[in-house]
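Visitor: Okay, handing you the structure first.
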Amino acid sequence: MTNFTVAIQKQCQIFSPFLDKKVEISSDVFILSQGKVCDFVQEIMQTCELISQQNMTFYVEFYTQRLVQQFDTLKNVVDEHCQTEEIFIPRFKSKYRFAKNMNKLPAEKQLEEYQKILRALNDKLSWLVELGHQTRDEQRKDAIHTQIQETEYRRKKCIEKIRDIEDTI
């Protein structure tokens, strides 16, 4: 394997998190028009091999230009795919509003505010669990699971704070 091929393989590693994602590319630099990112990376590597096998400068220049165009096209499509995927990730919005300086409130008001926070955290946990059941993508499931753990931790801290306030009242 030549240094050139190794360098191209290193450059193509930026696509490794997306290898199983299906994309559609409407460009004449690829033989394929739709498929998984790994298929397009494989085609880039085939172009790299063609460059390595060439003796004539004209063909080397042609395939090198094609390789650069393939890489740029795939990178743009993957970037667009990631942006649209981020847009479709729903965000939890609580219907509750909380006081800003809770530590300055009297204990009774603090208790009310922390109880509202606890209700909001419970709502968020329910929402996340439901979202986790609906999601099929493993990476997204892992991200949702992490959010569930963080929310459960915050819920636990909120319950502890409520108990502390109840003890002082």
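The values are calculated or read from the model by the stated rules, or taken from the named source; none is laboratory data. Just so it is clear, the structure is predicted and the values come from calculations on it, not from any experiment. Reconstructed Cβ throughout: ideal geometry from the backbone, glycine too, with neighbour counts over all protein chains shown. Heads up: the accessible areas ignore ligands, DNA and RNA and are worked out on the full protein's heavy atoms, side chains in. Shrake-Rupley method; radii C 1.70, N 1.55, O 1.52, S 1.80 Å.
Visitor: Only one of (1) of a type outside the set (F, W, Y); (2) open to solvent by 40 Å² or more (accessible area, probe 1.4 Å); (3) within 26 Å of Q139 (Cβ to Cβ) fails for Q70. Which number is that?
Guide: (2)
Visitor: Another question, then. Pick from K100, K161, K157: which is more than 27 Å from P17 (Cβ to Cβ) and assigned to a loop (DSSP other than H, G, I, E, B)?
Guide: K100
Visitor: Can you report the number of residues in region 102-135 which are open to solvent by less than 30 Å² (accessible area, probe 1.4 Å) and of a type in the set (D, E, K, R)?
Guide: 1
Visitor: Can you pull out the residues in region 42-54 that are open to solvent by 70 Å² or more (accessible area, probe 1.4 Å) and either within 24 Å of the chain's Cα centre (by Cα) or closer than 13 Å to F71 by Cα (or both)?
Guide: Result: Q42, Q46.
Visitor: When region 136-153 is examined, which residues are found to be closer than 24 Å to R97 by Cβ, of a type outside the set (A, V, I, L, M, F, W, C) and either surrounded by 15 or more Cβ atoms within 10 Å (Cβ to Cβ) or free of Cβ contacts under 8 Å to residues at least 12 places away in the same chain (or both)?
Guide: Scanning region 136-153 gives Q147, E150, T151, Y153.
Visitor: Taking region 1-41 on its own, how many of its residues are surrounded by 15 or more Cβ atoms within 10 Å (Cβ to Cβ) and without any contact (Cβ under 8 Å) to a residue 12 or more places away in the chain?
Guide: 1
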